[in-house]
Amino acid sequence: MRNSFVNALEEFNTPNTMLVTGDLGFGVLNGYRKKFPKQFLNVGVAEQNLTGIAAGLALEGKKVISYSIANFNTLRAIEQIRNDIAYHDLNVIIVAVGGGLAYGQLGVTHHATEDVAILRAIPNMTILAPGDKNEAYHIMKSLLLEDYGPVYLRIGRAGEASLYKADEINGIRIGKIHPLICDNNAKIAFLSMGGMLEIAKKTHLTLKEKNIDSSVYSVHTVKPIDKNKIIEIFNKYDYIFSFEEHSIIGGLSSSIAETLIGNTAMDIGKFNSFALPSEFTSVVGDQNYLRNYYGISAEKILQRIEKIININR
Amino acid sequence: MTTKDLANRIKIHAVNMTHTGKSSHVGGVLSIADILAVLYNDILNVYPENPKHPDRDRFILSKGHAGAGVYAVLAEKGFFPVEMLKQHYQNGSLLSGHVSHKGIPGVELSTGSLGHGLPIGCGMAYAAKLDKKPHNIFVLMSDGECDEGSNWEAIMFAAHHNLNNLVAIIDYNKIQSLDKVENTLKLEPFAQKWEAFGWETYSIDGHNHQELKKTFDKIQSNKKEKKPSVIIANTIKGKGVSFMENKVLWHYRSPQNEEFENAIKELKDNYA
């Protein structure tokens, strides 16, 4: 995802773009820096200043990409994001790499597991969490070609899978839930945010081997959420599961639940969520280890789905 | 209108506004009225009839709690009707206590939380350099605000990038919210700190209009130095109203009844 983001950035860069980093992106941003030296700015290890500078550049008409590891250019500078970028409705794209548990062994400081909740609560923000390299590329391309105001773009790191068929890639639209796999007879739907899309697809394939159909939807745009599609999905399926590498508080499952508030026609009992508990991990582990530890690996998810489906059958 | 006229009008507006709105921060507005008057009368290129003119100088009030002063100077300079100042702090109006850009011509930036103005000023100054634009960026800050670490990040950045189109002005009235600056978090040796960080540093009397103007002019003619500039403006909190001067109380207190009448009378008498 990280590389796809950079590829799109280099490809669709305009003279108005500014890439500002808080001294991160070793190896990743070198190409951009070489190609567009005047549009690259490393402000040093100073995320409050990074975010203020991004606002200042955007006030002068630049489209600014603020780049760092998740938590650093988000939580460290949350007030600058709220007051300087969001209140002034500026064209700043806050790109955070390592969303979720991508930097597993690096420890709790590097686990971005509340970022979506916190940023989503801020008015004017668009929250994007692409599910694979294709989404990362197309979303970044759209962000450069059009203005979306303040954006939080949560990406994983290098090496995520490509989950799209080639002819479907052009269907990726900011603001629209993308039906990645739609089984006509399915009674189960998966709604996935960010890099969990790979797990959602894997779960779909495993269920398929057991003759259980399921559909997979990518919710790359967490805010504004595609309410109509969510209602449609809730009307269509008997079981809905959300997948996210984020705290249970304030992420995708909260967003989905919020859209159903006051909707008496909706049965929220058929909705289950795979998310992280609201706690700091006390074990060390890589992304896969921690996913498994917290019950959001493909195996653990499958076990829980089977239990829920069997109980209700 | 002379800068003296303008400064006095700003002060009278500030007392009226904080009286009507029962709002705080009159002391911190009075301490910057002279700076605002000199800037808006003699220094800044501004275009009241076209507030977003690309060639305008950018002025940021980083000590957003003194927003009444900016509203007053903008109204006096014709950005919007003076009559509108009566709406300050009123339910349903646009003029919030901390300065807001929303719907108010001439306000460059909304502030209120301290330590935001200088980093944004750095971004604006960097953009102007990149685009080879001649305008300058002025950021007016409080002394207490210099406790905020974000400023020191920006101070390093501005010097590193030779932002000689950036001017910081510190309203050094030496009183912050609860106590004197020296009893809260010492800034001294203040000028030396800025110098050590690579800024052209000027320590002046922040109420002396000639000195203010001379310093701003000197900064303009000194641009070859390739350094950002800071004016440490030694000021008096509550300047112009004797019973408010140098009193911590007038950071928060709103002038009511006799206090209000005496304040207005003193400002009018002194001026006449």
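The values are calculated or read from the model by the stated rules, or taken from the named source; none is laboratory data. Source: prediction; values computed, not measured. Quick reminder, even Gly has a Cβ in these numbers, built from the backbone with ideal geometry, and neighbours come from all protein chains shown. These accessible areas exclude ligands, DNA and RNA; they are computed on the full protein's heavy atoms, side chains included. Shrake-Rupley method; radii C 1.70, N 1.55, O 1.52, S 1.80 Å.
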Could you give the size of the charge dipole of the stretch A:78-154 about its Cα centre, using +1 on the Cβ of each K and R and -1 on the Cβ of each D and E, expressed in debye and rounded to the nearest 20? 180 debye
Below 11 angstrom from the Cβ of A:G25, what's the summed charge of the other residues (Lys, Arg +1; Asp, Glu -1)? +1
Of A:N211, A:I118, A:S242, which is farthest on the positive side of the dipole of chain A, counting Cα position, with +1 on Lys and Arg Cβ, -1 on Asp and Glu Cβ, and the Cα centre as origin? A:N211
Cα centre as origin, Lys/Arg/Asp/Glu Cβ charges: chain A dipole, Debye: 320 debye
Sum -39500 (n - 2.57) across every DSSP H segment of at least 4 residues in chain B, then divide by the residue count to get the 222 nm mean residue ellipticity, nearest 500. -11500 deg cm²/dmol
13 Å beta-carbon shell around A:G98, net charge (K/R +1, D/E -1): -1
Given an 8 Å cut-off on Cα distances and at least 6 residues of separation, report the relative contact order of chain A as a percent. 16 percent
Rank B:P51, B:A263, B:T235 by how far each Cα sits towards the positive end of the charge dipole of chain B (+1 on Lys, Arg Cβ; -1 on Asp, Glu Cβ) and give me just the farthest. B:P51
Connecting every pair of Cα atoms under 10 Å apart in chain B and solving the GNM, the largest mean-square fluctuation among B:L94, B:L36, B:L185 falls on B:L185
Partners for B:K268 among aspartates and glutamates (Cα-Cα distance below 12 Å; same-chain residues under 8 apart left out): B:D5
Chain B: most fluctuating residue of B:G28, B:G64, B:G92 per GNM, C-alpha cutoff 10 Å: B:G92
222 nm mean residue ellipticity, helices alone, for chain A (DSSP H n ≥ 4; -39,500 (n - 2.57); rounded to 500): -9500 deg cm²/dmol
On a straight-distance basis, which aspartates and glutamates could pair with B:K132 in a cross-link, Cα separation under 13 angstrom, same-chain partners fewer than 8 positions away excluded? A:E60, B:D55
How many percent of the accessible area of chain B is carbon or sulfur, using a 1.4 Å probe? 50 percent
Low-density loop positions, GluC sites (Glu not before Pro), the stretch B:15-118 - DSSP coil, at most 14 other Cβ in 10 Å: B:E49
Once normalised by the length of the stretch A:148-274, the mean sequence separation of its alpha carbon contacts under 8 Å that are 6 or more apart gives a contact order in percent of 27 percent
For chain B, take the longest principal axis of its alpha carbons; what is the angle in degrees between that and the long axis of helix B:149-160, to the nearest 10 within 0 to 90? 40 degrees
With a sphere of radius 15 Å drawn around the Cβ of A:I225, what net charge do the other residues whose Cβ falls strictly inside it have (Lys, Arg +1; Asp, Glu -1)? +3
May I ask you to list the GluC sites (Glu not before Pro) in the stretch A:119-175 that are in a DSSP loop and have at most 15 other Cβ atoms within 10 Å of their Cβ? A:E146
Highest-MSF residue in chain B out of B:G27, B:G121, B:G78 [GNM, Cα springs under 10 Å]: B:G78
With +1 on each Lys and Arg Cβ and -1 on each Asp and Glu Cβ, how big is the dipole of the stretch B:214-272 about its Cα centre, in debye rounded to the nearest 20? 680 debye
If I histogram all Cα-Cα distances within the protein assembly as shown using bins 20 Å wide from 0, what percent of pairs lands in each bin? 20, 44, 27, 9, 0
Once you keep just the Cα pairs under 8 angstrom separated by 6 or more residues, what percentage relative contact order results for the stretch A:2-155? 26 percent
Mean other chain Cβ within 10 Å across B:104-112 is 2
Count of lysine pairs, the stretch A:188-282, Cα-Cα under 16 Å, sep. 8 or more residues or interchain, comes to 4
Charge dipole (the protein assembly as shown, unit charges on Cβ, about Cα centre) - positive-most of B:N136, A:N3, B:Y202: A:N3
Counting only heavy atoms of the protein chains, get the accessible area per residue of chain A (1.4 Å probe) and round it to a whole Å² value. 40 Å²
3J(HN,Hα) from dihedral phi, the stretch A:165-181, Karplus parametrisation 6.51/-1.76/1.60, rounded to Hz, x for glycine, proline: 6, 3, 6, 9, 4, 5, x, 6, 10, 4, x, 10, 5, 9, x, 6, 9
For the stretch B:54-59, 3J(HN,Hα) per residue [Karplus equation, 6.51 cos²θ - 1.76 cosθ + 1.60, θ = phi - 60°, Hz, x = Gly/Pro]: x, 8, 5, 6, 9, 10
What does the buried accessible surface come to for B and A, summed over both chains, with the probe at 1.4 Å? Round to 100 Å². 2000 Å²
To the nearest whole number, what is the average tally of beta carbon atoms from other chains within 10 Å of the beta carbons of peptide A:40-51? 5
Restricting to DSSP loop positions (anything but H, G, I, E, B) with no more than 15 other Cβ atoms inside 10 Å of their own Cβ, which chymotrypsin sites (Phe, Trp or Tyr not before Pro) remain in the stretch B:172-272? B:F243
In the structure shown, do any of B:K4/B:K86; B:K129/B:K180; B:K214/B:K265; B:K4/B:K63 have a Cα-Cα gap over 29 Å, and if so which? B:K129/B:K180; B:K214/B:K265
